[in-house]
1. Restricting attention to the range 55-64, which residues are surrounded by fewer than 15 Cβ atoms within 10 Å (Cβ to Cβ) and either among the hydroxyl-bearing types (S, T, Y) or in a strand (DSSP E or B) (or both)?
2. Only residues that are over 16 Å from Y39 (Cβ atoms) and not in a strand (DSSP E or B): list them for the range 68-82, please.
3. Looking at the range 80-91 only, could you name the residues that are β-branched (V, I, T) and surrounded by 17 or more Cβ atoms within 10 Å (Cβ to Cβ)?
4. Mind listing just one residue for me: the one in the range 27-42 that is part of a loop (DSSP other than H, G, I, E, B) and free of Cβ contacts under 8 Å to residues at least 60 places away in the same chain and, of those, farthest from the chain's Cα centre (by Cα)?
Amino acid sequence: MKKLCCVVSGCVLLAVLPLTAFAYPIDVQKDLKGMKIDYITYDTDNDIGSIQVANYGDVDASCKVKFINGPEAPRTRNIEVAAGTHKNATAKFTRSIIKLRIELACAPK
């Protein structure tokens, strides 16, 4: 009975393992020029990263988001975030992400 219990618990452990396989660190370097901007980053998939930019100020913002993943060419997204709203920016890479660096630069519109 003890052998059966160990075998079953080992199979359960192996079945759960792939569900937690991808998670990578995300570093954000920001230049907000005094605006009331906040962000949330997401590790969407092993080769996709995304950021949600929220504008809590009274002025619309024009933001440039640069996603950097090692030796690959950076992916740049330009988004306009109206006052009191939020927008998402996403980048897909050809390789798996080990560490994602994001440069967020926002200026008043």
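1. Selection gives Y56, S62.
2. N69, G70, P71, E72, A73, P74, listed by residue number.
3. V81
4. Result: G34.
Every read-out reported here was derived from the displayed coordinates using simple, explicitly stated rules and does not represent laboratory data. Here the structure is a predicted model, which is why all the values come from computation and not from measurement. Here the Cβ is made from the backbone with ideal geometry for all residues, glycine too, and neighbour counts use every protein chain on show.
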